[in-house]
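The values are calculated or read from the model by the stated rules, or taken from the named source; none is laboratory data. All of these numbers come straight from a predicted model, not from anything done at the bench. Methodologically, a virtual Cβ is constructed for each residue, glycine included, from the backbone with ideal geometry; neighbour enumeration extends over all protein chains shown.
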Amino acid sequence: MLPSEKQSARFERGYKAWAENTSLAVRSRLKLLPTDPLSHFELAEHLGVIIWELSEVDTLPQESLSYLSSKEGNEWSAVTVSAQKTVVIINPTHSPARKASSGMHELAHILRGHEPAQVTYSHGGITFRDFNPLQEAEADWLSGCLLLPRTVLQHCYKNNYSHQDVRTGYGASCDLYNYRLRITGVERQHTKIKKKVA
């Protein structure tokens with residue numbers, strides 16, 4: 001998901017800068033350059049988090065597994081489960097770019113120290129989950145920064161990367177790339193520079 005401008009306007013002062021700096025700090029700790037790709041697998045390993053696809057959850061009943069892997073159960077992207085270890089479970093039916101974004105979103109919650117959502121069960125067996133819109137918007141923003149920080153956006157735009165180049169090299173969707181170019185002002189900044197040179 002991409003946070004709306006209305007949602008991002010509710011972030012505490014300095015959050016966007018913190019998210020950019022966190023993305024660069026993580027890359028530095030992992031001995032990556034500021035313009036290097038960062039995968040959700042690398043970040044998960046660094047944080048001591050396990051990434052599983054749904055099929056790896058061997059305690060899940062076959063009926064639930066079949067439903068969650070079907071078109072009917074396609075509304076979920078990823079979920080974090082914490083017991084003895086923290087595990088992020090990713091929907092195996094989604095595209096690689098969506099899996100990367102969903103995995104990074106879950107890891108962003110962990111990096112930010114968000115309170116986990118609570119799951120409750122009704123007498124009828126229906127599951128409800130509390131939802132914190134601000135935490136979700138923060139995780140959306142941070143996951144975008146982790147995949148495509150401003151330094152990467154500038155590098156890609158300046159070097160005329162195609163959408164395919166970004167998808168292949170950084171695991172990010174075209175929608176996320178276009179959104180981040182626009183929302184960070186990188187596209188506007190480089191357009192002005194080109195006009196001045198011309």
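If you check Ser162 against the conditions, is it surrounded by 19 or more Cβ atoms within 10 Å (Cβ to Cβ) and over 14 Å from Ala19 (Cα atoms)? Criteria not met by Ser162. Phe131 falls short on exactly one of the conditions (1) part of a helix (DSSP H, G or I); (2) under 19 Å from the mean Cα position of the chain (by Cα); (3) surrounded by fewer than 17 Cβ atoms within 10 Å (Cβ to Cβ), and that condition is (1).
For every residue, the table says whether it meets (1) loosely packed, with under 15 Cβ neighbours inside 10 Å; (2) in a loop (DSSP other than H, G, I, E, B); (3) charged (D, E, K, R); (4) modelled with pLDDT under 80.
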{"position": "Pro3", "(1), (2), (3), (4)": "no, yes, no, yes"}
{"position": "Gln7", "(1), (2), (3), (4)": "no, no, no, yes"}
{"position": "Ala17", "(1), (2), (3), (4)": "yes, no, no, no"}
{"position": "Glu20", "(1), (2), (3), (4)": "no, no, yes, no"}
{"position": "Arg27", "(1), (2), (3), (4)": "no, no, yes, no"}
{"position": "His46", "(1), (2), (3), (4)": "yes, no, no, no"}
{"position": "Ile51", "(1), (2), (3), (4)": "no, no, no, no"}
{"position": "Ser64", "(1), (2), (3), (4)": "yes, no, no, yes"}
{"position": "Glu75", "(1), (2), (3), (4)": "yes, yes, yes, yes"}
